Amino acid sequence: MNLVKRSLVRWCLAGSLATAFGAGSLAHAEDLRDAAPNDAFLVVYGMKNPERDYMKKHYAAVWKEVQNTRIVEQVLQLAQSKMAEGDAEQFIAVRDALTNALAPVEWAKLTDMSEMLYAQKIEGPTAVHLMMARIPDGGAESLKKGVNNLFDLAVGASGGELSVETETVAGVEMKHLKLPVQGPVQFQPAIGVKGDVFIFTTSIAYAQQGLELLANPSASSKFDDTRVVDALARLPKAEDSVAIFDGEMLSAQLAGIPEFINQVANGNPEAAHVSQIISEVLTQTEAFDYEVTVEYTEGYSNRTAAYGKFSENAGETVIGKMLVHQEDFDNWSQIVPQSATGFSVNSGLTLLPLYDWVVEKLPEMVPGSQEGLDQFEAIQNQFDVHVREDILEAFPGGSVSLAFAGAPGPMGAQGSKSVTMLRCSKPERVSELLHRAFNAISEIPEVQSQGLALKPAKGLEGFEAISANPLNMAGISPVIGFRDGWMVIGTHTDAVETALVTQGGEQPGWSETEKFKSFGLPVEGAVKSISYENTGESIRAIAMGLQQAGMFAPMMIQMAASQNPNGGNQEVMQTLQQAAALLPSIGRIVGKMDFMDSKLEVCQPGPEEGTWIKHSVTLVKPPVEEKPSEKSTGKASDTKAPRKK
């Protein structure tokens, strides 16, 4: 019986949190922005945008497929069938109790909420959460009843260890689940309703802070932070959501963790030493001042734009040194061929500052570590391979990843080819080390039997091709070489040739394609990063793979079991067979998500030193019952100043 009670407590607590946080999608109204606490390092405000309603039809199609496949019932039945009789009864009892507890919740209203606010801060070692959602027509009250029922279930199953208490906070009746004494770390899940606004928090004090702001619109909220106001003035008007990340606030709050350790350590010298190490590490992670992101909709494209800034001392910290001086790409399109089916161009980061800091500070932070560092240095000298000079200096950051269509596989799936390019400042030294490593591997008898060989690549001057029996059987002919400050690695010679020809300016780049133009996102000047993903094709490939695996896996498992009837666990083999039989259903559900057609993301230097601008566009297929012409596409969004109070 105690086991049942403990299970109910766990399920009810988990259900309370999941229900409160996952109750619906982002939406719109005006006032909840006023409730964003100034000390939050993360704030997300969502508003209902009728332009985005077409997405509901796609989600409905996915849910319909979930119902058609009965995947939820199949999973529950499989789990229940593998339980002992007593455990199965317990499972059914918990499931029924949770279902009955959540019966009052009007789920349809939750998915149509008009606005939502989420805020998070760090208090000591604990993350504190506040969520408010405006759910009209009684939806907020129905959610409160459902979560309150979960609280009651947890109390009833706890054997007196839990209780529900009611407290009036800023004029709102809040019910919170009082947990056993937790010491300095407090967790107080609480719910309440103010009009049509549902409130969930893990701290009564944080709920009070938000509710007092909500009741006094003239008070200053996170949206009145001058940095946020400035960023919003530089970005398109938010139609779907606004996200605020305050890096300075996060750094200040994380600094409280070492202080917390000192407070509870009672003078323990080891704890004080750990606190000092954590403080030093956290100091070196400070680099970001803030980033503000807005989301908006244009036709059948979901768009985001962001403005961010490094902190003033970013150039003095390890993380800052790793990022702020990276080389941008002045002509990204001349790197990406027109035939690329996906790509990522990124200025990346350099690990050299981190390595230097560790080598310098480790002896101070960890007594006796200098001996280990000396041994590491001796090993590098012995093998004439030096991490700093030969690797970290040779690869200062910056990479290009290209994908191309390959020959169809035996099951009809589209094959692929790829090319990876890494900025390399010491090509001769890296080439020497690669050859040494290859020669050493080739001396291994097991490797020799596979016909491993390295020879000049045909048609690619300065490149070498790797051949081996397994690679030849798979139709892969990897090549590696150096060109114009890049180390280039490709799965196929023709893919590398295409990349090099484009990089040499002999062919137009990807920015000349119709696909790029379809995003309606001009990219002028240097970029820090840019990437394109054929999301729909990737989803379809995953769906096909799952369905094919579902057809063949049960037979393969059965064959394996029949070959060893007296060995192994037959019950486990049977369970694997039953689980594999679910894969086709999962594949069909995944396949319904291919309405997400493709995505383009870009980050460019901002208008001021130490700033950046990001844009992303996700193209979405129109719902099947609508015609593309019914909605406009590619229109420009007005840039407006933020809401004035």
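Here the condition is being of a type in the set (Asp, Glu) and out of contact with any helix residue (DSSP H, G or I) (no Cβ under 8 Å at 6 or more places or on another chain); of 167, 173, 115, 106, it holds for 173 alone.
Against the condition open to solvent by 70 Å² or more (accessible area, probe 1.4 Å) and either modelled with pLDDT of 80 or more or at positive phi (or both), how does residue 568 come out, does it pass? In short, yes.
With respect to the conditions (1) surrounded by 15 or more Cβ atoms within 10 Å (Cβ to Cβ); (2) modelled with pLDDT of 75 or more, residue 552 falls short on a single one, namely (1). Cβ separations smaller than 8 Å between residues 6+ apart or across chains give the following pairs from the range 99-111 residues that are open to solvent by 70 Å² or more (accessible area, probe 1.4 Å) to residues that are among the small types (Gly, Ala, Ser) and at pLDDT below 90: 111/24; 111/25. In the range 184-191, is there at least one residue being open to solvent by 40 Å² or more (accessible area, probe 1.4 Å), under 28 Å from the mean Cα position of the chain (by Cα) and among the aliphatic types (A, V, I, L, M)? Yes.
Having 3 or more residues that are in contact with a Lys or Arg (Cβ under 8 Å, 6 or more places away or on another chain) and of a type outside the set (Val, Ile, Thr) is the bar; report the helices (runs of 4 or more DSSP H) wholly within the range 450-519 that clear it.
Ranges flagged: 493-503.
Scanning the range 467-520 for residues that are open to solvent by 30 Å² or more (accessible area, probe 1.4 Å), among the aliphatic types (A, V, I, L, M) and in contact with a helix residue (DSSP H, G or I) (Cβ under 8 Å, 6 or more places away or on another chain) yields one hit, 480.
Would you mind finding the one in 287, 306 that is of a type in the set (A, V, I, L, M, F, W, C) and closer than 21 Å to residue 530 by Cβ?
306
For the range 305-328, a residue qualifies if it is touching a strand residue (DSSP E or B) at 6+ places or on another chain (Cβ under 7 Å) and under 21 Å from residue 527 (Cβ atoms), and the qualifying residues are 305, 306, 307, 308, 309, 310, 320, 324, 328.
All of 291, 286, 295 fail the test of being assigned to a loop (DSSP other than H, G, I, E, B) and open to solvent by 20 Å² or more (accessible area, probe 1.4 Å), apart from 286.
Contact list please: Cβ distance under 6 Å, first residue in the range 436-457 and within 19 Å of residue 491 (Cβ to Cβ), second residue in a helix (DSSP H, G or I) and not aliphatic (A, V, I, L, M), pairs at least six apart or on different chains. From the range 436-457, the pairs are 450/469; 451/469; 452/442; 454/438; 457/493.
Here 312, 377, 371 are screened, and the one residue that is loosely packed, with under 13 Cβ neighbours inside 10 Å and free of Cβ contacts under 8 Å to residues at least 12 places away in the same chain is 371.
For the range 27-45, a tally of residues being touching a helix residue (DSSP H, G or I) at 6+ places or on another chain (Cβ under 9 Å) and in a strand (DSSP E or B) returns 3. Residue 326 meets the conditions (1) outside any strand (DSSP E or B); (2) buried (at least 20 other Cβ atoms within 10 Å of the Cβ); (3) at pLDDT 95 or above in every case but one. The failed one is (2).
Residues that are assigned to a helix (DSSP H, G or I), of a type outside the set (Val, Ile, Thr) and either in contact with a strand residue (DSSP E or B) (Cβ under 9 Å, 6 or more places away or on another chain) or crowded, with 19+ Cβ neighbours inside 10 Å (or both) within the range 521-540 comprise 536, 537, 538, listed in sequence order.
Within the set 620, 590, the sole residue that is open to solvent by less than 20 Å² (accessible area, probe 1.4 Å), at pLDDT 80 or above and within 25 Å of residue 299 (Cα to Cα) turns out to be 620. Across the range 398-420, the qualifying residues are those that are over 19 Å from residue 542 (Cβ atoms) and outside any strand (DSSP E or B), and the one among them that is modelled with the highest pLDDT is 398. Taking the listed residues 601, 609, 571, the one that is acidic (Asp, Glu) and part of a helix (DSSP H, G or I) is 571, with no other qualifying. Taking every residue in the range 273-292 that is within 16 Å of residue 315 (Cα to Cα) and pairing it with any residue that is open to solvent by 60 Å² or more (accessible area, probe 1.4 Å) and hydrophobic (A, V, I, L, M, F, W, C), at least 6 positions away or on another chain, the pairs with Cβ-Cβ distances below 8 Å are 288/245; 290/245. Screening residue 355 on (1) out of contact with any Lys or Arg (no Cβ under 9 Å at 6 or more places or on another chain); (2) closer than 30 Å to residue 276 by Cβ; (3) of a type in the set (Phe, Trp, Tyr) shows it passes everything except condition (1). Checking the stated criteria, residue 431 turns out to be assigned to a helix (DSSP H, G or I) and under 21 Å from residue 497 (Cα atoms). Please determine, by comparing only the residues of the range 235-249 that are open to solvent by 30 Å² or more (accessible area, probe 1.4 Å) and either of a type in the set (Phe, Trp, Tyr) or not in a strand (DSSP E or B) (or both), which one is nearest to residue 314 (Cα to Cα). Only one residue tops the list, namely 248. On inspection, residue 433 does not qualify as over 22 Å from residue 386 (Cα atoms), open to solvent by less than 40 Å² (accessible area, probe 1.4 Å), out of contact with any Leu (no Cβ under 7 Å at 6 or more places or on another chain) and in contact (Cβ under 8 Å) with a residue 40 or more places away in the chain.
When every residue of the range 83-97 is checked against the conditions, at least one turns out to be surrounded by 20 or more Cβ atoms within 10 Å (Cβ to Cβ) and either under 30 Å from residue 39 (Cα atoms) or not aromatic (Phe, Trp, Tyr) (or both). Out of the residues in the range 48-80 meeting the condition of being open to solvent by 40 Å² or more (accessible area, probe 1.4 Å) and not in a helix (DSSP H, G or I), tell me which one is nearest to residue 298 (Cα to Cα). Step by step, filter the range 48-80, then rank; the result is 53. In the set (1) free of Cβ contacts under 8 Å to residues at least 24 places away in the same chain; (2) part of a loop (DSSP other than H, G, I, E, B); (3) small (Gly, Ala, Ser), the condition left unmet by residue 86 is number (2). Restricting to the range 213-229, and then to whatever is more than 19 Å from residue 243 (Cα to Cα) and part of a loop (DSSP other than H, G, I, E, B), can you tell me which residue is modelled with the lowest pLDDT? Per the criteria, the residue is 217.
The values are calculated or read from the model by the stated rules, or taken from the named source; none is laboratory data. A quick note: this is a predicted structure, and the numbers were derived from the prediction, not measured. For neighbour counting, all protein chains shown are included, and Cβ atoms are generated from backbone atoms with ideal geometry for every residue, glycine included. For accessibility, only protein heavy atoms count, side chains too; no ligands or nucleic acids. Shrake-Rupley method; radii C 1.70, N 1.55, O 1.52, S 1.80 Å.
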